[in-house]
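Enquirer: Shown below is the structure under consideration.
The values are calculated or read from the model by the stated rules, or taken from the named source; none is laboratory data. Keep in mind that what you see is a predicted model, and the values were worked out from it rather than measured. Virtual Cβ from ideal backbone geometry, glycine too; neighbours counted across all protein chains shown. With ligands, DNA and RNA removed, areas are computed over all heavy atoms of the protein, side chains included. Shrake-Rupley method; radii C 1.70, N 1.55, O 1.52, S 1.80 Å.
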Amino acid sequence: MEYCGYVGKILHVDLTTRRIREEVLDTELARSFIGDYGISASLAYDLIKPGIDPLLPENVILFGAGPLAGTSAPGAGRCHFFTKLPLTGTVAGGGGGQGFSSRLKYAGYDELVITGHANSPVYLKILDGDVELIDAADLWGEDIYQTTDRLWEKHGSSCSVLAIGQAGENLANLSLALVNKGSTIGRGGLGAVMGSKNLKAIVANGRRGIKVYDRRRFRGVVNQVMADVRAYPKWHDIVRLSHLIFDFDRIMSHLGFTNYLREFPDLTEVREVLGPEVYLKRIKIRRIACFSCPMACHDISELKGGTFSGVKFYSHGLTPILAVRLGIDSMDGNIKCRELIGRYGLDYFGLMGQIEYARELYQQGIITKDDTGGIEFKPGLEAMKDLIEKITFRKGIGDVLADGLSGVEKKFGKECEQYCLHTKGMDTSEHPVISKLGAKQIDEVTGVIGPTHKGGMINPGKFEPSASLESFIEFGDKAAIPKEAMNRILDTPMKLNIGRLTRYTQDYYAIMSSLGLCIRAHMNWLWPMSRMADIYSAATGIEITASQLQKAGERIHNVAKMLNVREGFSRKDDKFPSTYFKPLKTREGEKPLMDHFETKVLTKEDLESLLDDYYDERGWDVKKGIPTPAKLIELGLDRSVADLNKA
Amino acid sequence: MEARDIVVHPDSCVRCYRCQLECSFLRTRMFNPEEAFIKIDWNWVNDKPSISFTDDCDNCGVCVRACIYECLTLREKG
């Protein structure tokens, strides 16, 4: 049959047997789970058996490309993976940009499934349907930038390269992969899973064109989106420096500061040394976009002069979080550390959290100088560079820290957990608690992976702590939230029931990620559910309404949840970190945790009540925090009902 | 269309490939950057693009309209 939007093929690569085979994409699978994140979640249900060790050959890695990937749909440059993550033990996925999904489709595939384990290092080449496992002995031990450059030299720079560094090779749970040197993918240990399989990199490109069903209708939607982009008054600022240009203090407060001290520092001095003006004047050399993105948010930066002259760094917009939290008091030192983290393939947020955690344990006397080989966990550039190396290469205390919370607990005892800000084993450092509870926090606690860029990103309050009630009501229309549900969300003395709302932000995320669209705050506003339904229908010829698409998002989220229910996860694991209840110290005094509209100080009981509301809005078992048989059957997930008793 | 040139400002290129997407969509009715009449060769050493046009390009300007970053502009000849 002829596919539109989709290519119509799944590629299976068995690293053990080196067998490569193609499978036709089932149309019912596509209709029910849309693509990318959704289809990967559904396939993972069949392929990833519960209870397996993430670093053994039984684990499977899936990469997806949505039906909009490879087209001119603005922002359709995302790719999502699914695997069992060594950091959390959850079966979960995350996204990356820079067009890996588009190139995978041009190479001829909607999905890539990797099983088994290679006997020696290899990289996977997928070029125009020519699929080959190539010996990577000469790449093993090289960092990600070196690996990517060499693969571009060999296969051409229009290829997309997804590669791991030494952190992944050394099976660090804090490792991930990079796409084209600049886009992270794989928080939670994808780097280690690839490393355990001896899979150094994947290269993809091709000349297989992507057809759409109704070209005129498709172009019409693209033109609407581009008109909105051109009319966006903040476009120039976003492309210069993303959100950081707007309000340094406000944005920095959202991105993580001195988590453990719960203290908001004086940012005036920080701005003079590490702020956007310094960055724009001295460091940034070029902006880079993901595939088909009209609001580029990645940078290439380079240090000229000084101790680290010539150091180049590729990333999504630069913030000084790392410098402030880890006590690095120069822009050059900040860039150098970020470069090392990128080259080695470490999770930047996970690393920050882990080092802060280790510092806390050191201050508590749980970790001593005998354990650290003399390291005192002091702030500062040299100490941080040393720790980055030790964690990457598993030397000394780095061998413990590389594994995240589980590594620390194994060595120093379970009582360490009380000092760790985490949900499901993943540090909350990416977006730690601010003084207002948002969908981000509910999503972190109830989501399958823990804290990362997920459903909480699609939330008017995400970057706008002063977001009005009207903006949330408007969001309800955008997200195709049924009227009666919106009434429940608004029917509360807190004006907004963030627990109930989070259910819909998660479904929205599931759809955007299944289409291949970018969920970042500066992009997701372009894509109300109705517009996504329109462009999906135009691309594929499968007519779908906004509410049907919202339902598909619900189905996808439930499958992702069930992958983890059968691993034993339930409400007992959906825990808010205890430090949520420590007040935040600001220049204006202490701020306790409050709801979005600051109607009350939130207690543990309030948070549990919001969780009750979240599960209720999902139609789940409120006590267990998992889907009910009726809900699964309603969503066509009958096959999962038998797994409910595993929670 | 022969009466105008497409002027390239490579420093403005952000590697979004929208020019190639729209060119190939117009020419082949499919999205296929490698078949576009505008070529982007990214130098990964100095991180600069080399942007050129094939002999088939007739300066229709669809790539110019696709580029929001003002990397491509149309200039009337003469």
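Enquirer: Mind checking B:41-49 for the average number of partner chain beta-carbons within 10 Å of each residue's beta-carbon?
Expert: Taking all residues of B:41-49 together, the mean is 4.
Enquirer: Would you mind working out the accessible area per residue for region A:46-94, using a 1.4 Å probe, and quoting it in Å²?
Expert: 19 Å²
Enquirer: Do you know the relative contact order of region A:76-138, to the nearest whole percent, from alpha carbon pairs under 8 angstrom that are 6+ apart?
Expert: Relative contact order comes out at 23 percent.
Enquirer: Then there is this: Could you sort the peptides A:52-58, A:168-174, A:613-619, A:62-68 by per-residue average Cβ neighbour count (10 Å cutoff), highest mean leading?
Expert: A:62-68, A:168-174, A:613-619, A:52-58
Enquirer: Roughly how many debye, to the nearest 20, is the charge dipole of region A:377-441 about its Cα centre, given +1 on each Lys and Arg Cβ, -1 on each Asp and Glu Cβ, and no other charges?
Expert: Its charge dipole is roughly 80 debye.
Enquirer: Right, here's the next one. Please list A:136-143, A:366-373, B:10-17 highest first by mean number of surrounding beta-carbon atoms within 10 Å per residue.
Expert: Order by mean packing, descending: B:10-17, A:136-143, A:366-373.
Enquirer: Tell me, what ³J(HN,Hα) does each residue in region B:61-70 have, in order and in whole Hz, if you take phi through Karplus 6.51 cos²θ - 1.76 cosθ + 1.60 with θ = phi - 60° and put x for Gly and Pro?
Expert: x, 5, 5, 5, 5, 6, 8, 7, 8, 6
Enquirer: Quick one: longest stretch of chain B between exposed loop GluC sites (Glu not before Pro), exposed meaning at most 16 other C-beta atoms within 10 Å and loop per DSSP?
Expert: B:3-69
Enquirer: What is the packing order of peptides A:24-32, A:492-500, taking the mean over residues of other C-beta atoms within 10 Å and listing the highest first?
Expert: Going from most to least packed, we get A:492-500, A:24-32.
Enquirer: A further question follows. Could you work out the helix-only [θ] at 222 nm for chain A, with each DSSP H run of four or more residues adding -39,500 (n - 2.57) and the total divided by the number of residues, to the nearest 500 deg cm²/dmol?
Expert: Mean residue ellipticity at 222 nm (helix-derived): -11500 deg cm²/dmol.
Enquirer: At a 1.4 Å probe radius, carbon and sulfur cover how many percent of the accessible area of the protein assembly as shown?
Expert: Reported share for carbon and sulfur atoms: 49 percent.
Enquirer: Also, quick follow-up: Net charge near A:Arg207, counting Lys/Arg +1 and Asp/Glu -1 over other residues with Cβ under 12 Å of its Cβ?
Expert: -1
Enquirer: Accessible area per residue, 1.4 Å probe, Å², for region A:530-569: what's the number?
Expert: Heavy-atom SASA per residue in region A:530-569 reads 24 Å².
Enquirer: May I ask you to list the lysines whose Cα is less than 25 Å away from that of A:Lys436, ignoring any residue fewer than eight positions away on the same chain?
Expert: A:Lys424, A:Lys454, A:Lys462, A:Lys478, A:Lys495, A:Lys572, A:Lys575, A:Lys582, A:Lys585, A:Lys591, A:Lys600, A:Lys604
Enquirer: Provide a whole-number value for the mean count of partner chain Cβ atoms within 10 Å of the Cβ atoms in peptide B:28-40.
Expert: Per residue, the average neighbour count from other chains is 5.
Enquirer: Return the value, in Å² to the nearest 100, of accessible area buried between chains B and A (probe 1.4 Å, both sides summed).
Expert: Summing both chains' loss of accessible area gives about 3100 Å².
Enquirer: If you average the sequence gap of Cα pairs under 8 Å that are 6 or more apart and divide by the length of chain A, what percent do you get for the contact order?
Expert: It rounds to 15 percent for chain A.
Enquirer: Relative to the Cα centre, what is the charge dipole magnitude of chain B, using +1 at the beta carbon of each Lys and Arg, -1 at the beta carbon of each Asp and Glu, and rounding to the nearest 20 debye?
Expert: 200 debye
Enquirer: Find, to one decimal place in angstroms, the Kirkwood hydrodynamic radius of the protein assembly as shown, where the mean of 1/r is taken over every pair of different Cα atoms and then inverted.
Expert: The Cα-based Kirkwood calculation yields 25.7 Å.
Enquirer: Pick out, in residue order, every one of the trypsin sites (Lys or Arg not before Pro) in region A:60-115 that is DSSP loop and has at most 14 other C-beta atoms within 10 Å; say none if there are none.
Expert: none
Enquirer: At what distance in angstrom do the alpha carbon centres of region A:318-333 and region A:107-184 lie from each other?
Expert: First find each Cα centre; the distance between them is then 30 Å.
Enquirer: Classify region B:19-78 as rounded, prolate or oblate from the Cα gyration tensor: take a ≥ b ≥ c as the square roots of its eigenvalues, call it rounded if a/c is under 1.5, otherwise prolate when a/b beats b/c and oblate if not.
Expert: Oblate is the answer for region B:19-78, as a/c is 1.5 or above yet b/c matches or exceeds a/b.
Enquirer: Within straight cross-link reach of A:Lys336, meaning Cα distance under 19 Å, which lysines are found once same-chain residues fewer than 8 apart are removed?
Expert: Straight-distance partners of A:Lys336: A:Lys181, A:Lys281, A:Lys284, A:Lys304, A:Lys312, A:Lys378, A:Lys385, A:Lys390.
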